[in-house]
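**Q** Pasting a structure here, questions to come.
The values are calculated or read from the model by the stated rules, or taken from the named source; none is laboratory data. What you are looking at is a predicted structure, and each value in this text was computed from that prediction instead of being measured. Virtual Cβ from ideal backbone geometry, glycine too; neighbours counted across all protein chains shown. Surface accessibility is based on the protein's heavy atoms, side chains included, excluding ligands, DNA and RNA. Shrake-Rupley method; radii C 1.70, N 1.55, O 1.52, S 1.80 Å.
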Amino acid sequence: MKGPDTQSLLGDDHEAFEAVLSGEAAGPVAVVGDPFSGRGSVLDQAVRDLDATRVSLDPGDGVDRIRARINGGPVVIEDCQHLYERRIGGFEELSAFLDDLASVDATVVTGWNQYAWAYLVAVQALDREFPVTVEIQPLPAERIAELVLDRYDVMPAFVADDREQGGLVVTTRQEIGWRDWSVSVPIPMLSPVAVKNLFSERNPDPKHVTFGRLAAVSNGNLGVATAIWETRQGPEVRPSDVTVPASDRDLDREEAFCLRILLAKERVNRAQLTGIIDGFDRVLGHLSRDGLVTVEGDIVELVPAAVPAAAPATELGRVL
């Protein structure tokens, strides 16, 4: 099974990343990407090229998980978003890590969730600590099709939708900031290029339309696209089969806040959420029934296929 290559994932940032791996650039490196977007594949290359020790952080892990290894040569640290919590005193472990990082001579490559990174840049100026920052880029529809279909031995049959029923747009509600009014906002389910091709071709290839829609819905995020694809059923696939879990109701403030934390962390201990989310059990029940999160033991995890619905739902609530 083929995986995404680092050059495709990093785009214009690939040269900067290669310079670090070859020793031409110094200082700690931050690899930043959306949830499930392929940060792990980029970190895989760093482990191979640097012959580095790899540390994968889990919810609740702190700097002690890293400290014993950070001075022993090149190190790759995955899921650094677990080093902070959204509570009073929640930045202590992150601050201790950054203090340690400042005195390390060896190459350190770190992986960060994009939502956590944006939050920490805003409240802690995190970007100042990393001379090199590279970002995971969206993949085009053709590359997503290649990587998704490579997972299967038998290809489905691609069938065209009726143009009137193809689901070219979905509609969401957008607040306009006055008297709590909102308006209906159409969101294209295909990229502009895919829409142009759809109506310029007499008989557009349903496979191309399907993966054009999948790329648009997932924002080129391979992990999300793969998860959405895996929800399909049957030997035939239509473009309109590309759907995402979405709540059929407006989220309240606590639900949006909880979902934002999960967008930034991807998975969280229940204990971390209980202390900061009012009515946590109720909130978790609603998000779980909506298909946005799963719960296994003590871990609450964001559903990868739900990312396209979760992100705008929290942004409508103006949650950072």
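Residues are listed down the side, and each one gets a yes or a no for (1) of a type in the set (Val, Ile, Thr); (2) at pLDDT below 90; (3) open to solvent by less than 20 Å² (accessible area, probe 1.4 Å):
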| residue | (1), (2), (3) |
| --- | --- |
| Val242 | yes, no, yes |
| Pro245 | no, yes, no |
| Leu262 | no, no, yes |
| Asp290 | no, no, no |
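**Q** Would you confirm whether any residue within segment 83-90 is out of contact with any Phe, Trp or Tyr (no Cβ under 7 Å at 6 or more places or on another chain), more than 16 Å from Val123 (Cβ to Cβ), open to solvent by 20 Å² or more (accessible area, probe 1.4 Å) and not small (Gly, Ala, Ser)? Steps first, answer last, please.
**A** Our first condition is that a residue be out of contact with any Phe, Trp or Tyr (no Cβ under 7 Å at 6 or more places or on another chain); within segment 83-90, this holds for 85-89.
Filter once more, keeping what is more than 16 Å from Val123 (Cβ to Cβ): none.
Checking segment 83-90: not a single residue is out of contact with any Phe, Trp or Tyr (no Cβ under 7 Å at 6 or more places or on another chain), more than 16 Å from Val123 (Cβ to Cβ), open to solvent by 20 Å² or more (accessible area, probe 1.4 Å) and not small (Gly, Ala, Ser).
**Q** Separate question: Please go through segment 254-291 and give me each residue that is among the small types (Gly, Ala, Ser), under 25 Å from Asn221 (Cα atoms), part of a helix (DSSP H, G or I) and touching a residue at least 12 places away in the same chain (Cβ under 8 Å), ordered by number. Give the derivation first.
**A** Our first condition is that a residue be among the small types (Gly, Ala, Ser); within segment 254-291, this holds for 256, 264, 271, 275, 279, 285, 288, 291.
Filter once more, so that each one left must be under 25 Å from Asn221 (Cα atoms): 256, 264, 288, 291.
Then drop every residue that is not part of a helix (DSSP H, G or I), which leaves 256, 264, 288.
Hits for segment 254-291 are Ala256, Ala264.
**Q** Another one. If Leu43 satisfies all but one of (1) aliphatic (A, V, I, L, M); (2) touching a Lys or Arg at 6+ places or on another chain (Cβ under 9 Å); (3) surrounded by fewer than 14 Cβ atoms within 10 Å (Cβ to Cβ), what's the number of the condition it fails?
**A** For Leu43, the exception is condition (3).
**Q** Does segment 64-100 hold any residues that are without any contact (Cβ under 8 Å) to a residue 12 or more places away in the chain and closer than 13 Å to Tyr119 by Cβ, and which are they?
**A** The answer is Gly90, and nothing else.
**Q** Filter segment 115-132 down to residues that are open to solvent by 50 Å² or more (accessible area, probe 1.4 Å) and outside any loop (DSSP other than H, G, I, E, B), then give me how many there are.
**A** Let us first name the residues in segment 115-132 that are open to solvent by 50 Å² or more (accessible area, probe 1.4 Å), namely 122-124, 127-129, 131.
From the residues that got through so far, the ones that are outside any loop (DSSP other than H, G, I, E, B) too are 122-124, 127-129.
The total comes to 6.
Let's see how each residue does on (1) surrounded by 16 or more Cβ atoms within 10 Å (Cβ to Cβ); (2) under 28 Å from Leu139 (Cα atoms); (3) not basic (Lys, Arg):
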| residue | (1), (2), (3) |
| --- | --- |
| Asn221 | yes, yes, yes |
| Asp281 | no, no, yes |
| Thr294 | no, yes, yes |
| Ala311 | yes, yes, yes |
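**Q** Another one. Looking at segment 1-32, which of the residues that are under 24 Å from Arg143 (Cβ atoms) and of a type in the set (S, T, N, Q) is surrounded by the fewest Cβ atoms within 10 Å (Cβ to Cβ)?
**A** Filtering first and then ranking leaves Gln7.
**Q** Pairs, please: C-beta under 6 Å, at least 6 apart or cross-chain, first residue touching a residue at least 60 places away in the same chain (Cβ under 8 Å) and in segment 294-311, second assigned to a helix (DSSP H, G or I)?
**A** Correct list of pairs: Leu302/Leu262; Pro304/Gly223; Pro304/Val224; Pro304/Ala227; Ala305/Ala227; Ala305/Ile228; Val307/Val224; Pro308/Val217.
**Q** One residue is enough: does segment 206-221 have a residue meeting the conditions modelled with pLDDT of 50 or more and part of a strand (DSSP E or B)?
**A** Initially, segment 206-221 is screened for residues modelled with pLDDT of 50 or more, giving 206-221.
Then keep just the ones that are part of a strand (DSSP E or B); that gives none.
No.
**Q** Scanning for something among the basic types (Lys, Arg), out of contact with any Asp or Glu (no Cβ under 6 Å at 6 or more places or on another chain), modelled with pLDDT under 50 and surrounded by fewer than 16 Cβ atoms within 10 Å (Cβ to Cβ), does segment 169-188 turn up at least one residue? Steps first, answer last, please.
**A** Going through segment 169-188, the residues among the basic types (Lys, Arg) turn out to be 173, 179.
Keeping just the survivors that are out of contact with any Asp or Glu (no Cβ under 6 Å at 6 or more places or on another chain) gives 173, 179.
Okay, now just the ones that are also modelled with pLDDT under 50, so 173, 179.
Remaining after also requiring surrounded by fewer than 16 Cβ atoms within 10 Å (Cβ to Cβ): 173, 179.
Looking for residues that are among the basic types (Lys, Arg), out of contact with any Asp or Glu (no Cβ under 6 Å at 6 or more places or on another chain), modelled with pLDDT under 50 and surrounded by fewer than 16 Cβ atoms within 10 Å (Cβ to Cβ), one finds at least one in segment 169-188, hence yes.
**Q** Hey, Gly60 hits all of (1) open to solvent by less than 30 Å² (accessible area, probe 1.4 Å); (2) under 27 Å from Asp298 (Cβ atoms); (3) touching a residue at least 40 places away in the same chain (Cβ under 8 Å) but one; which does it fall short on?
**A** Among (1) open to solvent by less than 30 Å² (accessible area, probe 1.4 Å); (2) under 27 Å from Asp298 (Cβ atoms); (3) touching a residue at least 40 places away in the same chain (Cβ under 8 Å), the lone unmet condition for Gly60 is (1).
**Q** If you don't mind, there's one more thing I want to ask. Inspect segment 72-91 for any residue being in a helix (DSSP H, G or I) and among the charged types (D, E, K, R) and give the result as yes or no.
**A** No, there is no match, as no residue in segment 72-91 is in a helix (DSSP H, G or I) and among the charged types (D, E, K, R).
**Q** For segment 53-64, give me each residue that is among the small types (Gly, Ala, Ser) and at pLDDT 95 or above.
**A** Within segment 53-64, the subset among the small types (Gly, Ala, Ser) is 56, 60, 62.
Answer for segment 53-64, where residues must be among the small types (Gly, Ala, Ser) and at pLDDT 95 or above: just Ser56.
**Q** Here's a follow-up. Kindly indicate the residue of segment 144-164 that is open to solvent by 50 Å² or more (accessible area, probe 1.4 Å) and part of a helix (DSSP H, G or I) and also modelled with the highest pLDDT among those meeting that condition.
**A** The residue in question is Glu146.
**Q** Would you point out the residue of segment 105-114, among those that are out of contact with any Cys (no Cβ under 7 Å at 6 or more places or on another chain) and surrounded by 14 or more Cβ atoms within 10 Å (Cβ to Cβ), that is farthest from Gln81 (Cα to Cα)?
**A** The residue in question is Ala106.
**Q** Gly297 passes all but one of (1) touching a helix residue (DSSP H, G or I) at 6+ places or on another chain (Cβ under 6 Å); (2) at pLDDT below 95; which number fails?
**A** Unmet for Gly297, out of (1) touching a helix residue (DSSP H, G or I) at 6+ places or on another chain (Cβ under 6 Å); (2) at pLDDT below 95: (1).
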